[in-house]
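The values are calculated or read from the model by the stated rules, or taken from the named source; none is laboratory data. None of these values were measured; they are calculated from a predicted model. Cβ atoms come from the backbone with ideal geometry, glycine included; neighbour counts cover every protein chain shown.
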Amino acid sequence: MKHKTFLQFFLPTATAMFLFIALPIVSVVTQSLYAPHRQVIVEVENCTPFACTKSTTIDQAATQALREAQPLGRFVGLDIYLDRSHLAAEEIARLFSQSAGPGDFMRRLLNLPFYRALAFTLTYMAVVTPLSILLGFFVALGVNAIPRLLRGPAIFVSLLPMIVTPLIGALILFWMVDSRGIIGTAMIWLTENPNLSLKASSVLTWIMLIVYGIWSTAPFAFVIYYAGLQTVPQDTLESAMIDGASRWSRIRYVVLPHLLPLTVFMALIKIMDNFRVFEPIVSFNAGAHAQSLSYFIYADLSGETRLLSSAAATSVLTILGVLVLLSPVLVRTWRQFGKA
Amino acid sequence: MGVRAQKLPPVLSLVFGALLLLWLLVATFPFAWTLWGSFKVEGDFFSKADWTHALTGPLTLAEYGSAFTGTGYEGAWIKEAFWRATLNSFVVTVAVVVISLTFGTLGGYALSRSTYRYAFWLLLAALVFRAMPPITLVSGYLLPFYRWNLWGHLPTAIFVLVAINQPFTLWMLTAFFKNIPRDLDESARMDGCTPFQAFRHVIIPVMWPGVITTGLFSFLLAYNDFVVTAMLLSKDNQTMVPKIASFLGTTQTEGNVMFAVSSVVSVTAPLFVLVMFFQRQIVSGLTAGAVKG
Amino acid sequence: MHHKSIAALSFAAALSFAGVANANCGVTSGRVNIVGNEFPAIQTVAANAAKCAAGTMTVRSNLTANHQRINLPGMQGNPAEYTSAIVATSSIVALLNDDVIRPLDALVAAHGQDIPKNQLITVNGRVMAVAFMANSQHLVYRKDVLAQIGVQPPKTYEELLAAAKIIRERGIMRNPVGGAYQAGFNLGQEFVNMYMGYGGEFFKAGTAEPALNNPQGIATLEMMKALSAYMNPDFLTHDSNATSAEWRAGNVALMNMWGSRTGVLMEGPGNNPTIAANTAVGAPMTVGGGKTPATTLWWDGWTVAKNISDDDARATFVALKNGVSPAILTPETMGQAVWIIPGYKPAPVNQGVMDTMALGAKPYPMLPYMGLMHSALGDGLAPYLAGRKDAATTLADIEAAYRTAAKEKGFLR
């Protein structure tokens, strides 16, 4: 395709992405290199309906000139990236020299917010991605095998976990897993442990989030696999049957290779989404036990903190993390490109 | 068609059947529970005393003289004018699906037909764009949108959703178009068509299956979105999900939680009709466009 | 019945927006747009402010749980989208820090002579906001349960612990203490309460240097842990909504709860009649032999944006003054909050907040960097309460997290 034709076709999507994503990314990267100016603090007296108290406030006049001269703030380079809330360079250097062996090092490393969040995020991603794809695959096989008339309702039902808005889905599930809720009660009955609470222990909270993650994302894999199964080349299958290939080898050599590109695509999307896990943590009030990079961004942007540079740095680190995780797939796409 | 042609041995099909049934139960259970509970009062449905209250509804009985009540629905639809949010959601969803697919098909087609390296880099850029956490993007929009008076209007939210949705749409449709043989449009070009004519007369007629599947995901994104719509729409223009969230709020007022629950049930009903109606297309859509990684 | 009145009020607001003015506020031009939280009392204020719309003057409002995420960007433009933000003790700080609200002294002199002086919030001698309601956390207890064990309502946290012990030992309730200990804002707030009860200071005087890691800090943590032992094991996920639900289910007999949230526990739909009838409020408790109660006083008030025309500022001032005037107090709105408005008659349920004021509890600190400290606390306390960290390390880590944030914001070097 000629460059000009390409441009004509590509212009609308390029404009939309440029304006609403590329420009913001540039501004986010810039933001992560700057921090607010030093604040001049003055002691004042504040009066409220209750009492007058000694307090402090920012001397706006004193910083006004500074702000006008450097509207972006003060340039801090990579300081934000390396501070304790992010990569914690100094703290890690100290850990190397001080910690008593690898066990102690890991324990103290996981005490740093970024690495604690990374531990949960990576675990979540590594478990949820394959299991939700696998579950979706088996559900697709199952739905594919039932009579045509039942398939419509079966498809709808299988899509439910994805289409019920997570906001409410999680609210209801959150009640269900409460120790007085239906699932919580069932767990207590099964384990015969009256003090069992899924929300009170970190391990059980992680498991709960992971199970929810699998449950709510399996439908995505299901839809894609179900459709993929419809296109398995019939003639190849038949000739394999005539050749006397066993069921297993038919699946192994015909069905699976056919579904491989779908699987790669899904894994790509799911790794990316799971690395940015956020909604379940907020909906399940699980911040005490599990945190993620996106959760930090959310917290940094809240009204009373507004740590914009910190949120920007975490966002950039998220993008870099996704790129590192996806690099094997990307290299493969690069090699294949243009061959198709 | 499909693997259905192979008959499974009875034991295996029994195991598969049982597992499928289990999944269907697990998938429906929370929703069925919600449907049942939406006719109860909050104290029963979210009972902290005994979970069986959600089934039997003693507080509902005490308050309304019956174990079922429609107050949740009445409150949401009549008092809180949930229909307005429904209307807004309808506008946003339809617009997002139509615009994303228009932009996506054009762009995806171009990417699939280009043999230059920059097409790869564009796809890679799209991937980087998708990796950006949406909360950061949305927070970044606030200041300029307020300055230029764009904040709060439906078109703003629509364009933001379209843009956020483009990377996924592009990847999916590019892969899909790659499966449509090049010979088709190339022979049209030989016959003297312009690229747009070739696209219109040759590609458009055969692209629907892939487009419909991609459309399903765009639809779900727009329909379920919370981050963008909650932060960028004013109260009057609220769509359904932020409206439901506003029923919950920071300080939950008695009864409002059940407005949220009944709204959720209400918004799932049209989806059922939609899936039943489109199920064949959804399937045949993915059929034709096996996505390549 | 609350939601009905809200719906009615917002309907009234919509009507007056359509031009049916029913209050003569004396201003007929200007643009008013209010951003704030969505609870009933604020809905009332916004609806009454909207009654001032007359002539070319328009009054709109955007009341949402997201208000703190949008109010600052919405006031930074010029002209600002929002001409007023309804804020609380903690959230005004963000607006002061970024210099987006204007001093109201001139407007008060011209149009607000009748606003009682105690409603004016002053920072460095300048009026920055007008308060209209007060709130605080205080004791809520079950009369019947305390009578059953023969104990008076606790005046100190130590007494509360003793009562909880008896209730548990008698087998009346397994987890008799309730508390909004959800990791994040709620948990941070509980620390602030308790630490102030022990007489602790958050910062070295006049600076942004943290000063938590001291005996009061350790005592606070130990008291919180002792309390949490009598709470539902899920306490780290319980916000005030969930704590109220526990109360209504009859699982809890003693809790420290927001005054604004107790009214609905004593009357209204969704309550078990026995529990509601036995719900009573008490004064906030002291701790560790301290004299000031372990709680903080909060106000909610309105501000006027800086980056708007004087005409709009005047309209906003007048509309909101009308929104919090004594005329808004009707039998229906009276119970929505502890109003700081002349003519307000506290109901028995409001006694807790009135007691908090009478006992001289301290207001929540209005420091430019308090929000950063509160976030660091809300995030950093959970590992200690979950038993993963000791008290000293917890406080040191909280200080380190705060320092990082304060350095970024330019408060510390």
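Listed conditions (1) more than 14 Å from A:Leu159 (Cβ to Cβ); (2) modelled with pLDDT under 80; (3) of a type in the set (Val, Ile, Thr) are all met by B:Val241, apart from (2). The condition of being over 30 Å from A:Pro113 (Cα atoms) and within 14 Å of chain A (Cβ to nearest Cβ) holds for only one of C:Pro368, C:Pro342, C:Pro326, that being C:Pro342.
In region A:52-82, the residue that is farthest from C:Trp299 (Cα to Cα) out of those that are without any contact (Cβ under 8 Å) to a residue 12 or more places away in the chain and surrounded by 11 or more Cβ atoms within 10 Å (Cβ to Cβ) is A:Leu82. Evaluate the following for B:Ala62: is it more than 25 Å from A:Ala186 (Cα to Cα), under 25 Å from the mean Cα position of the chain (by Cα) and among the hydrophobic types (A, V, I, L, M, F, W, C)? When the stated conditions are applied, B:Ala62 does not pass them. Considering every residue within region C:157-172, establish whether at least one is in a loop (DSSP other than H, G, I, E, B), assigned by TED's automatic domain parsing to the domain that holds C:Gly259 and touching a residue at least 40 places away in the same chain (Cβ under 8 Å). For region C:157-172, residues in a loop (DSSP other than H, G, I, E, B), assigned by TED's automatic domain parsing to the domain that holds C:Gly259 and touching a residue at least 40 places away in the same chain (Cβ under 8 Å): present. Of the helices (runs of 4 or more DSSP H) lying entirely inside region C:238-296, those containing at least 3 residues that are within 13 Å of another protein chain (Cβ to nearest Cβ) and small (Gly, Ala, Ser) span C:240-248. The combined condition, being polar (S, T, N, Q), more than 9 Å from chain A (Cβ to nearest Cβ), part of a helix (DSSP H, G or I) and farther than 21 Å from A:Lys4 by Cβ, is not fulfilled by B:Thr136.
For C:Ala147, the conditions (1) hydrophobic (A, V, I, L, M, F, W, C); (2) at the interface with another protein chain (Cβ under 9 Å from one of its Cβ atoms); (3) more than 23 Å from the chain's Cα centre (by Cα) are fulfilled apart from (2). Applying the set (1) more than 14 Å from chain C (Cβ to nearest Cβ); (2) not in a helix (DSSP H, G or I) to A:Glu304 leaves exactly one unmet item: (1). When restricted to residues that are buried (at least 22 other Cβ atoms within 10 Å of the Cβ), farther than 22 Å from C:Pro73 by Cβ, touching a residue at least 24 places away in the same chain (Cβ under 8 Å) and not aliphatic (A, V, I, L, M), region A:275-317 contains 8. Assessment of region C:73-83 against the conditions (closer than 30 Å to C:Val264 by Cα, in the same structural domain as C:Trp339 (by TED's automatic domain parsing) and modelled with pLDDT of 90 or more) yields no matching residue.
Checked across region A:186-206, the condition of being surrounded by fewer than 20 Cβ atoms within 10 Å (Cβ to Cβ), without any contact (Cβ under 8 Å) to a residue 12 or more places away in the chain and facing chain B (nearest Cβ under 10 Å) holds for at least one residue.
Of all positions in region A:267-280, at least one carries a residue that is away from chain B (no Cβ under 11 Å) and either in contact with a Leu (Cβ under 7 Å, 6 or more places away or on another chain) or not in a helix (DSSP H, G or I) (or both). Residues that are assigned to a helix (DSSP H, G or I), at pLDDT 90 or above and in contact with a His (Cβ under 7 Å, 6 or more places away or on another chain): does region B:226-238 have at least one? Yes, region B:226-238 contains at least one residue that is assigned to a helix (DSSP H, G or I), at pLDDT 90 or above and in contact with a His (Cβ under 7 Å, 6 or more places away or on another chain).
Among the residues of this structure, A:Gln336 does not count as one that is of a type outside the set (Phe, Trp, Tyr), within 7 Å of another protein chain (Cβ to nearest Cβ) and surrounded by fewer than 16 Cβ atoms within 10 Å (Cβ to Cβ).
For B:Lys48, indicate whether it is crowded, with 20+ Cβ neighbours inside 10 Å and at the interface with chain A (Cβ under 9 Å from one of its Cβ atoms). Full working, then the answer.
Details: crowded, with 20+ Cβ neighbours inside 10 Å: yes; at the interface with chain A (Cβ under 9 Å from one of its Cβ atoms): yes.
Spelling it out, B:Lys48 is indeed crowded, with 20+ Cβ neighbours inside 10 Å and at the interface with chain A (Cβ under 9 Å from one of its Cβ atoms).
This table checks each residue for (1) farther than 30 Å from B:Ala260 by Cα; (2) in contact with an Asp or Glu (Cβ under 7 Å, 6 or more places away or on another chain); (3) surrounded by fewer than 21 Cβ atoms within 10 Å (Cβ to Cβ).
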residue	(1), (2), (3)
B:Lys79	no, no, yes
B:Val91	no, no, yes
B:Ala110	yes, no, no
B:Ala131	yes, no, no
B:Leu137	no, no, no
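Residues that are surrounded by fewer than 23 Cβ atoms within 10 Å (Cβ to Cβ) and of a type in the set (Val, Ile, Thr) are absent from region B:229-248.
Which one of these is within 27 Å of B:Leu220 (Cβ to Cβ), assigned to a helix (DSSP H, G or I) and over 18 Å from the mean Cα position of the chain (by Cα): A:Pro261, A:Pro219? Talk me through it step by step, then tell me what you get.
On the way: A:Pro219 fails: over 18 Å from the mean Cα position of the chain (by Cα).
The unique qualifying residue is A:Pro261.
Does C:Ala85 meet the test of being closer than 26 Å to A:Lys54 by Cβ, at the interface with chain A (Cβ under 9 Å from one of its Cβ atoms) and either in a loop (DSSP other than H, G, I, E, B) or touching a strand residue (DSSP E or B) at 6+ places or on another chain (Cβ under 6 Å) (or both)? Here the answer is no, as C:Ala85 does not meet what is asked. The sole residue among C:Glu399, C:Glu332 that is among the charged types (D, E, K, R) and touching a Ser or Thr at 6+ places or on another chain (Cβ under 9 Å) is C:Glu332.
Determine which member of the set B:Ile180, B:Ile204 is more than 9 Å from chain A (Cβ to nearest Cβ), part of a loop (DSSP other than H, G, I, E, B) and either out of contact with any Leu (no Cβ under 7 Å at 6 or more places or on another chain) or closer than 30 Å to B:Lys79 by Cα (or both). So the residue among B:Ile180, B:Ile204 that is more than 9 Å from chain A (Cβ to nearest Cβ), part of a loop (DSSP other than H, G, I, E, B) and either out of contact with any Leu (no Cβ under 7 Å at 6 or more places or on another chain) or closer than 30 Å to B:Lys79 by Cα (or both) is B:Ile180. Residue count for region A:107-117 satisfying the condition of being over 21 Å from A:Val211 (Cβ atoms), hydrophobic (A, V, I, L, M, F, W, C) and assigned to a helix (DSSP H, G or I): 2. Every test in (1) at the interface with chain B (Cβ under 7 Å from one of its Cβ atoms); (2) at pLDDT 80 or above; (3) part of a helix (DSSP H, G or I) is passed by A:Arg180 save one, and that test is (3).
C:Ala65 meets the conditions (1) within 14 Å of chain A (Cβ to nearest Cβ); (2) assigned to a helix (DSSP H, G or I); (3) not aromatic (Phe, Trp, Tyr) in every case but one. The failed one is (2). The set of residues in region C:203-237 that are within 24 Å of A:Ala200 (Cβ to Cβ), within 13 Å of another protein chain (Cβ to nearest Cβ), touching a Leu at 6+ places or on another chain (Cβ under 8 Å) and at pLDDT 95 or above contains only C:Ser228.
Residues are listed down the side, and each one gets a yes or a no for (1) of a type in the set (Ser, Thr, Tyr); (2) outside any helix (DSSP H, G or I); (3) not assigned by TED's automatic domain parsing to the domain that holds C:Ala47:
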residue	(1), (2), (3)
C:Met223	no, no, yes
C:Asn307	no, yes, no
C:Ala327	no, no, no
C:Glu332	no, no, no
